[in-house]
1. Within the range 228-312, report the trypsin sites (Lys or Arg not before Pro) that DSSP leaves as loop and that have at most 10 other Cβ atoms within 10 Å.
2. Using DSSP to call loops (not H, G, I, E or B), can you name the trypsin sites (Lys or Arg not before Pro) in the range 85-168 whose Cβ has at most 14 other Cβ atoms within 10 angstrom?
3. Mind checking which aspartates and glutamates have their C-alpha under 16 Å from K197, skipping anything on the same chain fewer than 8 residues away?
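Just so it is clear, none of the values below were taken in a lab; they were calculated from the coordinates. Computed from a predicted structure; not experimentally measured. Positions of Cβ are backbone-derived with ideal geometry, glycine not excepted, and every protein chain shown enters the neighbour counts.
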Amino acid sequence: MKPGVEVLRQCLRTVPPLHCAHAFSTYALLAAVSDSRNRQHALMRTITDALAAMGGVGSTSSLRQAGVSRRSIEAGVQDSSVQRVARGVYALPDAEPLLVHAGRHYAVPACVTAAQAAGLWVVKGPGRPHLAAGHGRPIDGCVVHRSNVPLTHLDIVCQSLRCLPPLEGLTIAESAVKRGLVQLPTLREQFPAVREKAVLGLVARIRPQSGSIIETMARYLLEEAGLTVELQVKIPGVGHLDLLVDGLLGIETDGYAHHRSRAAYREDRRRWNVTVVRGIPTLRVTFEMLLSEPTEFVRMVHRALATYRSAQ
Ligand SMILES: [Zn+2]
């Protein structure tokens, strides 16, 4: 994983991101630096530690909530151990540039950018970062969602469902529900408007039992093609088959990571052989195929179904 993504992930996990900046009083300039050296050192540690726990960037209000005194904040600026990037927003010198950029505009990572940072199932990274800000004004190089901050997981999922192509919104929402970050009934309540019927329809297609992003992508494409798809079908001797199409054709979607040990490789071969013995023709698909050649994937499934139907 890219270091920047890890920083974002840490930020989302540990803290309320930035609140809208609060005006910062300048009266405290002198206080921290005039104290004893030890005391000053302790104050420095406090603000740098607090910012580090926030992923490198934080607002006055979030720092105050973390127990950092105004005096310590100002001392950190004086000492250059932290930088004031906007009125009421502070950053460590090595903070992730995107977070600093967002902080300068009183914004936070949102939508697909935040979903990626949170480790949800993201089909592809966005061309431009997606941010959220209460002011909703354009931010250079970014897509901006007008929203109250900090964001919850529910906010991030709703933004993704509204903003992204249906499949990309679905994978994010499904992984959030699967991980228990968002409750399905709560998610359904977020789209009462008639004009959001399509989004609600997408929410109705969430299956928390989905085993992976590849499985969700394959299922979505096949359902869109009008096929009946069952998930995690129990097959004696195999365990659970990822997908069963029209009650006839199996689809296995395990990713490259499943084959990193010899034991996993052997188990995979064993499962494959049992499906053949039991007469369940099974296709194996990769993430790359579903992403780059979705039409070819669906065509292949139709052809396989036609072949095995005619043989029955
Ligand atoms: Zn977006």
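1. R260
2. R87, K124
3. E189
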